[in-house]
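Working notes for the structure below.
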Amino acid sequence: MEDRQEAKTASRARLTPAMWRVLIAVGVVVLVLVGAAVWFFTASAGETAETAATPPVPSPSASVTQGPLPDATPTTGSEVPQTPESETETDSAGGLPALPPPASLLTEPLPESASGSGQLVDGFPAEVMGPAPGAEVVQNDIATEGGVMQVSLLARTDASPEQVSDHYAKLWASKGLVAAPPSPDGSLSYTSAFDSLTLAFTPAAGTGTVYMVHGVFRTS
């Protein structure tokens, strides 16, 4: 036992100071490496635990708005405004008011048949075929049978035929009658579904313009 202790002492005594410095440096390096390894494993374990405890953050993406589900219950503000029916409904004529049914210019009861000169007889439809302004009544007649009445007027005026034609054309057009194609003899005709009116000129025996108005009216 004493021999072994002496041998260790002898071997230590043989180490030079340079060798001692080398041994110390090696020991320091070993300690540094061991400390670094311990720190690395400790830090890695902490980061792993922190990563596992932190929930993932979703990446930003474009938002998508979904429509209502088939069985979803509407809530306040989700209703689609309805268009008033008055703005969507139109009639078959494209929104135009319906035209009134055609009717005669005269209504029943029709006046009795009559004939006269110098003035209009009772029941004469003056608002439809009375004499033009300034004209004199020469002869007028009414012939009534059932729902049909024929009326004639013979008159004389100092106005020209053109002025007389213009008067009756405006009057009959205002009553809703439709003009027939012009006649070569200068006569004028207007008709509707129930009525017809004609203006014709006759040769004058003296001065002025002599004309005749003939009308046929049907009440049914």
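Okay, here's what the table says:
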item: Cβ-based net charge around A114, under 10 Å, with every Lys or Arg adding one and every Asp or Glu removing one; result: -3
item: Relative packing of 114-127, 154-167, which averages over residues the other C-beta atoms within 10 Å, highest first; result: 154-167, 114-127
item: Counted charge near G206, where neighbours are those whose Cβ lies closer than 15 Å (Asp, Glu -1; Lys, Arg +1); result: -1
item: Interatomic Cα distance distribution for the range 128-183, bins of 5 angstrom, percent; result: 4, 15, 22, 22, 22, 11, 3, 1
item: Pairwise label distance in nanometres, A193 with E127, each label 7 Å out on the Cα-Cβ vector; result: 2.1 nm
item: Per residue solvent-accessible surface (Å²) - the range 162-220, probe of 1.4 Å; result: 55 Å²
item: Shape metrics for the range 113-220, restricted to C-alpha atoms - Rg then Dmax, Å; result: 13.4, 42
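The values are calculated or read from the model by the stated rules, or taken from the named source; none is laboratory data. Predicted, not measured: the structure shown is a model, and the values here were computed from it. Heads up, the Cβs are rebuilt from the backbone with ideal geometry, glycines too, and the neighbour counts pull from every protein chain shown. Just the protein is used for accessible areas: all its heavy atoms, side chains included, with ligands, DNA and RNA removed. Shrake-Rupley method; radii C 1.70, N 1.55, O 1.52, S 1.80 Å.
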